[in-house]
């Protein structure tokens, strides 16, 4: 059963959102993904958010560019945690429109927001949320972070050797 849903406003967002899919695959977390536009398919968006929990979804990652209403609208419908990924689209105002649209949610409708184009971190955050109640996933996240630490230490040693 899929535990994380990854949705995006348009097909052009897929290459960026694939980073979240790849990270979740590292942790063996089953995902589903789809194009769900807040502005062009509002009925599909409402149906998706309404039915996600019934399908076993635990976390929703929503990527959107421009006005970027998708994450907030999904969060307004579901009680599941929503992670917003602001995307710098071709018609974007340097990404700030997307960042602020997702970040500046009104009280009562939270969306966890990662960096501009930060779908990799969205995937890691989703894994951490799942890991808070699944010890196997928690152990995989801990091992991932330990590998990050080892990588930095190794880079530091190599840098000192090169100097």
Requested in this report: Report, in degrees rounded to the nearest 10, the 0 to 90 angle that the Cα long axis of helix 119-131 makes with the longest principal axis of the chain.
Outcome: 90 degrees
Query raised in the report: Full extension from residue 109 to residue 40: what is 0.36 nm times the residue separation minus their Cα-Cα distance, to one decimal in nm?
Result: 22.7 nm
Report summary line: The rounded separation in angstrom of the Cα centers of region 1-71 and region 101-163 is 19 Å
Report task. Starting with the highest mean, order 51-62, 128-139 by the number of other Cβ atoms within 10 Å, averaged over the residues of each peptide. Result -> 51-62, 128-139
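Normalised radius of gyration for region 9-152, please: alpha carbon Rg relative to 2.2 N^0.38 Å, two decimal places.
Values: Rg = 14.9 Å, N = 144, 2.2 N^0.38 = 14.5 Å.
Taking the Cα Rg and dividing by 2.2 N^0.38 Å, one obtains 1.03.
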**Report entry** Förster radius 25 Å - calculated FRET efficiency between residue 90 and residue 22, Cβ distance, rounded to 0.05
**Finding:** 0.60
Query - Amide N of region 63-104 lying under 11 Å from the label point, which is placed 7 angstrom from the Cα of residue 12 along Cα→Cβ - result: 65-66, 88-92
Report summary line: Taking only the Cα positions of region 39-81, the convex hull volume per residue in Å³ is 62 Å³
**Report entry** Reference-scaled alpha-carbon Rg (2.2 N^0.38 Å with N residues) for region 5-89
**Finding:** 0.99
Query raised in the report: With each label point set 7 Å from Cα along the Cα-Cβ vector, what nm distance links residue 150 and residue 163?
Result: 2.5 nm
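Read-outs: derived from the displayed coordinates by stated rules, not from any lab. Values in this document were obtained by computation on a predicted structure and should not be read as measured data. Cβ: placed from backbone, ideal geometry, glycine included. Neighbour counts: every protein chain shown.
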